[in-house]
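> Right, I'll just put the structure down here and ask away after.
The values are calculated or read from the model by the stated rules, or taken from the named source; none is laboratory data. These numbers were taken from a predicted model, which means no experiment stands behind them. In this analysis, Cβ positions are derived from the backbone assuming ideal geometry, glycine residues included, and neighbour counts consider all displayed protein chains.
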Amino acid sequence: MKNYLEINVVRFIHLLRHAGIRIGSGEVIDALNALALLDLSDRDAVKAALKATLVKRPGEQPVFNKAFDVFFAPPEAKEKQSTEYRQKLDEHQQQLEQAGEELSFQGTALDLSDKEKTVYASIPDKDREKLLDYINKTSSGKNVEQHFKPLLESVVKGSLSYWRKSLRDELDLSDRPQTGDQDIDALVDAVGSTGEGGFGSLLEEDMQNIADKDLPRAQALIRKLARQMVARISRRYRQSKKHKQLDLRKSIRHNIRFGGTMFRLRYRSRRVQKPKLILLCDVSGSMARYASFVLQFIYGIHAVVGSIESFVFSEDLERVTESFEQGANFNATMLDVINRSSEWGRGTNLAASLRTLRSKHAHILTGNSYVLIVSDTKTMALDEAVREVSQLKRRVKDIIWLNTLPQQEWEHGKTVQTLKNVVRMYPCNTLSELEAVMRRKIII
Amino acid sequence: MKKLEATIANLRKTFTDLGYITDEEVLTTVYLSLKLEKPLLIEGAPGVGKTELAKVLSQVFDTDLIRLQCYEGLDENKALYEWNYQRQLLKIQISKETACVEDLEQDLFSEEYLLERPLLKAIQSEKKVVLLIDEVDKTDEEFEAFLFEVLSDFQVSVPELGTIKARQIPMVVLTSNNERELSDGLKRRCIYLYLDYPTVDREIEIIRARIPDIGDKLSLEIAKAVSLIRSDQDIKKKPSIAETLDWGRALVTMEKDRLTKNAVDQTLNLLLKTKSDIDAFKSNIGAVRLEEYVRTEKS
């Protein structure tokens, strides 16, 4: 076949791109040029060449290795993969159809998304029967009218969303790849279904779900991210000779020793003031873990921040700056803070907390300070909280809200919508989101 | 010396002769970068032999190594060229009375007053040189952008002199410790190599190549011990290959032929250089367990 090599390489690159590796067209040409220089029957050499020209991030190497093995597999293995994939698709389709039939109200199907149907198909048999039983009863009882359907729908949806959370680990809700080429679809599926292990998966994991055994790894990752960020920004606060604006006064003064000949030039450089951060962390209930990660990150970048004041709040506010500054064991301190705060009860009262901040710590609210609120926005006395937030906003440079709810859930929350109008709000559900927020130069 | 033709077999042989032991993947990647005349970007943890690779490359082709060490705040003036401002001033002072103004101006911006920095030197060199741009992740993004401009065209323009084209495209090696992610643009222009710590077997080869007097048992035990220490999460600064070799040399000097608890205690500071790492070693592994580990387990 003509252009056999080119077609295969391009298809392989297609697969890599679907697996999330960014590849430019220049690199495709490099890859082809590289292969032209090598013995194509040498599998290792081909692999090394493709890796060197296409994959340029250490984290992507496991994905590449997997993709290479899958793509350049013997024909029989490939055939098997493709059949398995087709079976999987058929099964999934069947599940959906069955779920559609079962989940109906007086003969008409309930309005549920495919994902919800998948969840339905995956819940344990006993519980599924219970749910089905409930639906049947509701739709066949006396005085049942058609307009009960939306009500039933929302009940079923609620139940499914519960299951979706509790089955999270077993469910495969990722969208099926759609490349228009079924062979490649099958390969993408095969590549995607292998756990990568590395830092990559931790980055995308909901911080709340990071298991205790992964904590050391997560902390190492946070330290690494923080270090990278410090390396990137610290330069901005240094004196530099690069600013090409001559400081005449300094130059003349400095060169008097050379008899007024301008021998060494002095340049003007702007002094940049480091920002001050005021951190407010919600530590009620499930929020503690997010707070601990954010705190670790912020303390990791303390070198480029003027000063950090940290507070935790749930029903009221408490200053914890000292506990963290003593340099004691971070985990022990955090645990202590959380244990203390859990004694306060479970509710969150942002309004009361902010009032305390304004009255007791007024001196730290200056025009140079940023307030970072880490919270899922669930608070009592919303209206009052909004008022307090807007009042606080006038006192400080800016308020940035790190919302720990996953972004797709934002539209359902009233508190999110209301508070979003008052402050800048960013998603902060995973470590990668946390890093993205910090990177956006909103603060530094 | 006869010019060496770049083939994978030749590279393998000369690399081994020079004591740089490596695997096929690295050789293939280096070969491709030479053949395609593209810069080679090497990433990896500190101490895996990134800089060493460039040095060896310059020895292989018997040519000069021009090194640009990057650091925060490095700018074009220090990397590319600078006018020798002081010398220009002196010239003006000396010829204040005598010279004709136009001649003087012509004169002042000639190559005589140009201070060549590594990049310009590499481009202007008659011979094909190895240009090592070390720790490129330490610079800032602006400089990186400038760098990939130079690396893609191999020409630079000096406003007063015009454009200078490379006489020979140098072999460029960039290294990065991955402290900061490099821009996509720079990465696209490079052939990429990720160097990891060597496997136990590979490390044994390295140790034997570099320390000929070492015994078989000791080299195996050193390699295993180092690999165990590197795998410990709490040890922040992992022992580099150079440190492994130092350790090996020390043990050979002390006339040890096996790794014993006492020897480990006495020489540990050659391998681990901070107090916290040494403490972590003592609490997590300890010299006794290390000795047991290297003795019992088969490799």
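> Need the failing condition index for B:Glu82 against (1) within 18 Å of A:Phe263 (Cα to Cα); (2) surrounded by 15 or more Cβ atoms within 10 Å (Cβ to Cβ); (3) out of contact with any strand residue (DSSP E or B) (no Cβ under 6 Å at 6 or more places or on another chain), just the number.
(3)
> So is B:Leu104 part of a helix (DSSP H, G or I) and away from every other protein chain (no Cβ under 12 Å) or not?
Yes.
> Give me the pairs: first residue in the stretch B:130-157 and within 22 Å of B:Leu65 (Cβ to Cβ) and more than 12 Å from every other protein chain (Cβ to nearest Cβ), second residue assigned to a strand (DSSP E or B) and among the aromatic types (Phe, Trp, Tyr), beta-carbon distance under 8 Å, and six or more apart or on different chains, which are they?
These pairs meet every condition: B:Val156/B:Tyr81.
> Cβ contacts < 8 Å: first residue without any contact (Cβ under 8 Å) to a residue 60 or more places away in the chain, restricted to the stretch A:19-47; second residue hydroxyl-bearing (Ser, Thr, Tyr), any location; separation 6+ or different chain. Result?
Close Cβ pairs (under 8 Å, with a partner that is hydroxyl-bearing (Ser, Thr, Tyr)) amount to A:Glu27/A:Thr53; A:Asp30/A:Thr53; A:Ala31/A:Thr53; A:Ala34/A:Thr53; A:Leu37/B:Tyr31; A:Leu38/B:Thr28; A:Asp44/B:Thr28; A:Ala45/B:Thr28.
> Looking at (1) buried (at least 16 other Cβ atoms within 10 Å of the Cβ); (2) within 21 Å of B:Ile214 (Cα to Cα); (3) of a type outside the set (D, E, K, R), which is the one condition that is false for B:Gln266?
(1)
> While we're looking at this one, here's another question. For the stretch B:39-57, what are the residues that are in contact with a helix residue (DSSP H, G or I) (Cβ under 7 Å, 6 or more places away or on another chain) and either part of a loop (DSSP other than H, G, I, E, B) or within 13 Å of another protein chain (Cβ to nearest Cβ) (or both)?
B:Pro39, B:Leu40, B:Leu41, B:Ile42, B:Glu43, B:Gly44, B:Gly47, B:Val48, B:Gly49
> Condition (residue is modelled with pLDDT under 90, surrounded by 12 or more Cβ atoms within 10 Å (Cβ to Cβ) and within 14 Å of chain B (Cβ to nearest Cβ)) applied to the stretch A:2-14: is it met by at least one residue?
Among the residues of the stretch A:2-14, not one is modelled with pLDDT under 90, surrounded by 12 or more Cβ atoms within 10 Å (Cβ to Cβ) and within 14 Å of chain B (Cβ to nearest Cβ), which makes the answer no.
> Another one. Filter the stretch A:39-55 down to the residues that are crowded, with 17+ Cβ neighbours inside 10 Å and at pLDDT below 90 and list them by number.
Here is the first cut: in the stretch A:39-55, the residues crowded, with 17+ Cβ neighbours inside 10 Å are A:45-55.
Scanning the stretch A:39-55 gives no hits.
> Out of B:Lys91, B:Lys127, B:Lys165, which single residue is over 23 Å from B:Gly49 (Cα atoms) and touching a strand residue (DSSP E or B) at 6+ places or on another chain (Cβ under 7 Å)?
After applying the criteria, what remains is B:Lys165.
> Still on this structure: When you go through B:Glu221, B:Glu203 one by one, which is the residue that is more than 14 Å from chain A (Cβ to nearest Cβ), assigned to a helix (DSSP H, G or I), among the charged types (D, E, K, R) and in contact (Cβ under 8 Å) with a residue 60 or more places away in the chain?
B:Glu221
Per-residue answers, yes or no, for (1) crowded, with 16+ Cβ neighbours inside 10 Å; (2) among the β-branched types (Val, Ile, Thr); (3) touching a helix residue (DSSP H, G or I) at 6+ places or on another chain (Cβ under 8 Å); (4) at pLDDT below 80:
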{"residue": "A:Val70", "(1), (2), (3), (4)": "yes, yes, yes, no"}
{"residue": "A:Pro75", "(1), (2), (3), (4)": "no, no, no, yes"}
{"residue": "A:Ser82", "(1), (2), (3), (4)": "yes, no, yes, yes"}
{"residue": "A:Arg86", "(1), (2), (3), (4)": "no, no, yes, no"}
{"residue": "A:Leu110", "(1), (2), (3), (4)": "yes, no, yes, yes"}
{"residue": "A:Lys117", "(1), (2), (3), (4)": "yes, no, yes, yes"}
{"residue": "A:Tyr120", "(1), (2), (3), (4)": "yes, no, yes, yes"}
{"residue": "A:Ile123", "(1), (2), (3), (4)": "yes, yes, yes, yes"}
{"residue": "A:Lys137", "(1), (2), (3), (4)": "no, no, no, yes"}
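So that you can scan it fast, the table gives a plain yes or no per residue for (1) at pLDDT 85 or above; (2) under 17 Å from the mean Cα position of the chain (by Cα):
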site: A:Ala385; (1), (2): yes, no
site: A:Ser390; (1), (2): yes, no
site: A:Arg394; (1), (2): yes, no
site: A:Trp401; (1), (2): yes, yes
site: A:Leu405; (1), (2): no, yes
site: A:Glu409; (1), (2): no, yes
site: A:His412; (1), (2): no, no
site: A:Thr415; (1), (2): no, no
site: A:Val423; (1), (2): yes, no
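> Tell me, which residue of the stretch B:21-38 that is under 18 Å from A:Ala52 (Cβ atoms) and not in a helix (DSSP H, G or I) is nearest to the chain's Cα centre (by Cα)? Write out each step before concluding.
Step one: list which residues in the stretch B:21-38 are under 18 Å from A:Ala52 (Cβ atoms), which gives B:22-38.
Then keep just the ones that are not in a helix (DSSP H, G or I); that gives B:22-23, B:37-38.
Working: B:Thr22: 15, B:Asp23: 18, B:Glu37: 19, B:Lys38: 17 Å.
Result: B:Thr22.
> OK, next. Quick one: B:Lys236 ticks every box in (1) crowded, with 19+ Cβ neighbours inside 10 Å; (2) within 14 Å of another protein chain (Cβ to nearest Cβ) bar one, so which box is it?
Of (1) crowded, with 19+ Cβ neighbours inside 10 Å; (2) within 14 Å of another protein chain (Cβ to nearest Cβ), only one is false for B:Lys236: (1).
> Going through the stretch A:415-425 one residue at a time, which ones are part of a strand (DSSP E or B) and crowded, with 17+ Cβ neighbours inside 10 Å?
Listed by number, the list holds a single entry, A:Met425.
> What are the residues in the stretch B:164-195 that are in a loop (DSSP other than H, G, I, E, B), at pLDDT 90 or above and within 10 Å of chain A (Cβ to nearest Cβ), if any?
B:Cys190
> To continue, here is another question. Among the numbered criteria (1) more than 14 Å from chain A (Cβ to nearest Cβ); (2) surrounded by fewer than 19 Cβ atoms within 10 Å (Cβ to Cβ), which single criterion is violated by B:Glu5?
The failed condition is (1).
> Tell me which of these B:Thr63 doesn't satisfy, since it passes every other one: (1) assigned to a helix (DSSP H, G or I); (2) more than 26 Å from B:Glu181 (Cα to Cα); (3) under 17 Å from the mean Cα position of the chain (by Cα).
The one condition B:Thr63 does not meet is (1).
> Now a separate question. Quick check on my filter: what residues within the stretch B:66-96 are in a loop (DSSP other than H, G, I, E, B) and hydrophobic (A, V, I, L, M, F, W, C)?
B:Cys70, B:Leu74, B:Leu80
> A:Arg17 - would you say it is more than 11 Å from chain B (Cβ to nearest Cβ) and under 25 Å from the mean Cα position of the chain (by Cα)?
Spelling it out, A:Arg17 is indeed more than 11 Å from chain B (Cβ to nearest Cβ) and under 25 Å from the mean Cα position of the chain (by Cα).
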